[in-house]
Amino acid sequence: MIRTEELLLNVGPQHPSTHGVFRIIVKLDGEIITEATPVMGYLHRGTEKLAESLNYTQIIPYTDRMDYVSAMTNNYVLVHAVEKMMGLQVPERAEFLRLIVMELQRIASHLVWWGTYLLDIGALSPFLYAFNDRERILQLFNELCGARLTYNYMRVGGVKWDAPEGWIDRVKRFVRSMYGKLEEYDGLVSGNEIFLSRIKGVGAYDAETAIAYGLSGANLRSTGVKWDLRKNEPYSLYERFEFDVPVGASGDCYDRYLVRLAEIRQSLRILEQALERFPAEGETMGKVPRVIRPPAGEIYVRIESPRGEIGCYIVSTGKAEPYRLKFRRPSFVNLQILPKLLVGESMTNLVTILGGIDIVLGEVDC
């Protein structure tokens, strides 16, 4: 009679597939995972506690460092919350700039995911394609705000700088060329039989489970739930533009892959419209008090980041520093379903499932 012994295996905290400092303790029966326990907190920096001793402008650079692959949307959720509390009006030119950089950021973030995910499951070339195109977005950001990763670009009431001369035209050229690049991506990967055998039907869950776990972003939409805060609770200028919300059907890793690629196309659609309607002139900062003191009270706002719903909860006592600041981080929430997805799976699928969730450890730990 063949008997197997239970094996306890540590994956991480330093493992290429975790893209950061993250550990999963898995119990194995042969090649099959019987239990998985995520261990997080290695990158915890106390961001929310630090914020209690900083003014609102000083907090913005800390939001860059949560999801450092999507710093622009993190900037926005904080300044948007403060502006709502204070009833501030943001000039239209600034709001256009914010929307343009957030959609460029969504594309850059999805490109990082696309390239690294395929690298994780054994395909090297797509990583080179993705990072080449992402580099063009980083160059645009560098021209706009002088940074390539942690931008600190947005301000309560507007943005730090106006776009330099010719910047809008350069973004237009990028958008036009990116449509062709997506065709290349599809031709290179989407129908590849080896790729399909690695991800189709793997890590599947239904819409009810996704909602029960509080999933958002592509992790939710891959199950067929058409929920995108840009459509369902429009903020900034999103209600002015036409775009679709891509959804999947089976909720597996392949559907999450298809949804993210489709979301890049939709971001390009939004950018095309925004760039055509970009105001020829105007202010980039509204009328904001020298010292920002939101009135006493509390507020919660949420927006659609590349990884799902990111929220910001602020309690103010009328001082220049928040009494309490709390972020709802989509990477942390989406990661909660990982143990359920891994049980019963082959060890070879661990990286496929973890990568499909698309987490950024800086945001998981915060």
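The values are calculated or read from the model by the stated rules, or taken from the named source; none is laboratory data. Given the structure is predicted, the values throughout are model-derived calculations rather than measurements. Every residue, glycine among them, receives a Cβ derived from its backbone with ideal geometry; neighbour counts consider all protein chains shown. Note: accessible area is taken over every heavy atom of the protein model, side chains too, but ligands, DNA and RNA are not part of it. Shrake-Rupley method; radii C 1.70, N 1.55, O 1.52, S 1.80 Å.
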In the range 322-349, what residues are farther than 27 Å from Leu9 by Cβ and either surrounded by fewer than 17 Cβ atoms within 10 Å (Cβ to Cβ) or of a type in the set (Lys, Arg) (or both)? Tyr323, Arg324, Lys326, Arg328, Arg329
Criterion (within 21 Å of Ser109 (Cβ to Cβ), open to solvent by 30 Å² or more (accessible area, probe 1.4 Å) and over 18 Å from the mean Cα position of the chain (by Cα)) met by exactly one of Glu183, Glu165: Glu183
Which condition does Asp29 not pass, out of (1) open to solvent by 40 Å² or more (accessible area, probe 1.4 Å); (2) closer than 21 Å to Glu309 by Cα; (3) touching a residue at least 24 places away in the same chain (Cβ under 8 Å), if it passes all the others? (2)
The number of residues in the range 299-337 that are in contact with a Lys or Arg (Cβ under 8 Å, 6 or more places away or on another chain) and of a type in the set (D, E, K, R) is 5
Filter the range 289-331 down to residues that are over 26 Å from Val360 (Cα atoms), hydroxyl-bearing (Ser, Thr, Tyr) and outside any strand (DSSP E or B) and give me whichever is nearest to the chain's Cα centre (by Cα). Tyr323
Before we move on, is Thr352 open to solvent by 10 Å² or more (accessible area, probe 1.4 Å) and of a type in the set (Val, Ile, Thr)? no
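If you scan the range 124-144, which residues turn out to be open to solvent by less than 20 Å² (accessible area, probe 1.4 Å) and either under 20 Å from the mean Cα position of the chain (by Cα) or closer than 20 Å to Gly180 by Cα (or both)? Steps first, please.
First, the residues of the range 124-144 that are open to solvent by less than 20 Å² (accessible area, probe 1.4 Å): 126, 130, 133, 137-138, 140-141, 144.
Within the range 124-144, Pro126, Ala130, Asp133, Ile137, Leu138, Leu140, Phe141 qualify.
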Which one of the conditions (1) of a type outside the set (A, V, I, L, M); (2) within 25 Å of Phe278 (Cβ to Cβ); (3) surrounded by 24 or more Cβ atoms within 10 Å (Cβ to Cβ); (4) in contact with a strand residue (DSSP E or B) (Cβ under 9 Å, 6 or more places away or on another chain) does Lys84 fail to meet, given that it meets all the rest? (3)
Give me a count of the residues in the range 176-205 that are assigned to a helix (DSSP H, G or I) and within 17 Å of Arg260 (Cα to Cα). 16
The condition from (1) of a type outside the set (A, V, I, L, M, F, W, C); (2) touching a helix residue (DSSP H, G or I) at 6+ places or on another chain (Cβ under 7 Å); (3) in a strand (DSSP E or B) that Asn334 misses is numbered (3)
In the range 228-248, residue farthest from Glu95 (Cα to Cα) [restricted to those that are open to solvent by 70 Å² or more (accessible area, probe 1.4 Å) and outside any helix (DSSP H, G or I)]: Asp244
Within the range 50-81, of all residues that are open to solvent by 10 Å² or more (accessible area, probe 1.4 Å), more than 25 Å from Ile270 (Cα to Cα) and not in a helix (DSSP H, G or I), the one modelled with the lowest pLDDT is Arg65
